[in-house]
Amino acid sequence: SQTIHQWPATLVQPVGSPLSLECTVEGTSNPNLYWYRQAAGRGLQLLFYSVGIGQISSEVPQNLSASRPQDRQFILSSKKLLLSDSGFYLCAWSTQGLAGIKNIQYFGAGTRLSVL
Amino acid sequence: SQKIEQNSEALNIQEGKTATLTCNYTNYSPAYLQWYRQDPGRGPVFLLLIRENEKEKRKERLKVTFDTTLKQSLFHITASQPADSATYLCALPNYGQNFVFGPGTRLSVLP
């Protein structure tokens, strides 16, 4: 069966420090991978998605970047964190498919990031 | 791109009653629509998918309808229980392999 691992669960970082959040998927190959951010009491904001190794699409221009060095590994990074980067970060995967075909998203447990 | 509205930020109902949550979208009608459940501090979990040619979909105590004329989906939980308390999100395919999620409705089922 497929599983998704996301770590760390909680992170407190000072403003200006770097960030690296990692997400890995097991039990499937060539998944679509996604990074979302959820501010307190708000909906999910898509940050990045990837349909293959080295292929990254950015949805929101900001202080963050993403990389996909391996098929089932997705990394969210920042060189210098801002206060506004605080939030709940979620990684998700879905199967590749044509638009209109069932395409369920499976989420990790999330990382609660506090930038102080 | 799509914009999604969910009828209320929070909904309180009495145990045993039917909860009805609304999802409205603004642009083109998607090929399908999904509903997810999110518990505090956790990632969303997929519940149901309904296609554009399906009027209704059921799973145990859950029922989803999809009206492409109204650009609306309704999500019902019958015989609600306190364990159903959570935030419920609707999601639509946006373009390519992307999704857009609604802001969610926080449901509280009171014993």
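The values are calculated or read from the model by the stated rules, or taken from the named source; none is laboratory data. Since the structure is predicted, the reported quantities are computational estimates derived from the model, not experimental observations. Cβ placement follows ideal geometry from the backbone for every residue including glycine, while neighbour counts extend to all protein chains displayed. These area figures cover heavy atoms from the full protein model, side chains too; ligands, DNA and RNA do not enter into them. Shrake-Rupley method; radii C 1.70, N 1.55, O 1.52, S 1.80 Å.
Send over the per residue convex hull volume for the stretch A:1-80, Cα only, as a whole number of Å³.
107 Å³
Given a cut-off of under 8 Å on Cα pairs at least six residues apart, what relative contact order in percent is computed for chain A? Mind showing how you got there, number by number?
Details: 288 pairs, mean separation 40.5, N = 116.
Relative contact order for chain A comes out at 35 percent.
Starting from the Cα-Cα distance between A:V15 and A:S29, subtract it from 0.36 nm times their residue separation and give me the gain in nm to one decimal.
Stretched fully, the A:V15-A:S29 segment lengthens by 1.4 nm.
Would you mind getting the accessible area per residue of the protein assembly as shown, heavy atoms of the protein chains only, 1.4 Å probe, in Å²?
Heavy-atom SASA per residue in the protein assembly as shown reads 48 Å².
Going by amide H atoms built from the backbone, whose H comes under 5 Å of the H on B:F99, apart from near neighbours?
Correct list: B:N94.
Amide H of A:A109 versus every other amide H placed in the peptide plane: which residues, excluding those fewer than 5 positions away on the same chain, fall under 5 Å?
A:Q6
Quick check for me: using +1 on Lys/Arg Cβ and -1 on Asp/Glu Cβ, what's the dipole size of chain A about its Cα centre, in debye to the nearest 20? If you can, show how the numbers build up before the last one.
Values: 8 positive and 5 negative charges, 35 e Å.
Computed charge dipole of chain A: roughly 160 debye.
Check cross-link reach from B:K55 to the lysines: straight Cα distance under 27 Å, and skip same-chain residues fewer than eight apart.
Counting by Cα, and skipping residues close in sequence, B:K55 has these lysines nearby: A:K102, B:K3, B:K17, B:K63, B:K71.
Hey, if we sort B:E15, B:E9, A:E59, B:E60 by accessible area with the 1.4 Å probe, largest down, what's the order?
My answer, sorted largest first, is B:E60, B:E9, B:E15, A:E59.
When ranked by the protection proxy of mean other Cβ atoms within 10 Å per residue, highest first, what sequence do the peptides A:87-95, B:21-29, A:104-112, B:51-59 form?
My ranking of the peptides, most packed first, is A:87-95, A:104-112, B:21-29, B:51-59.
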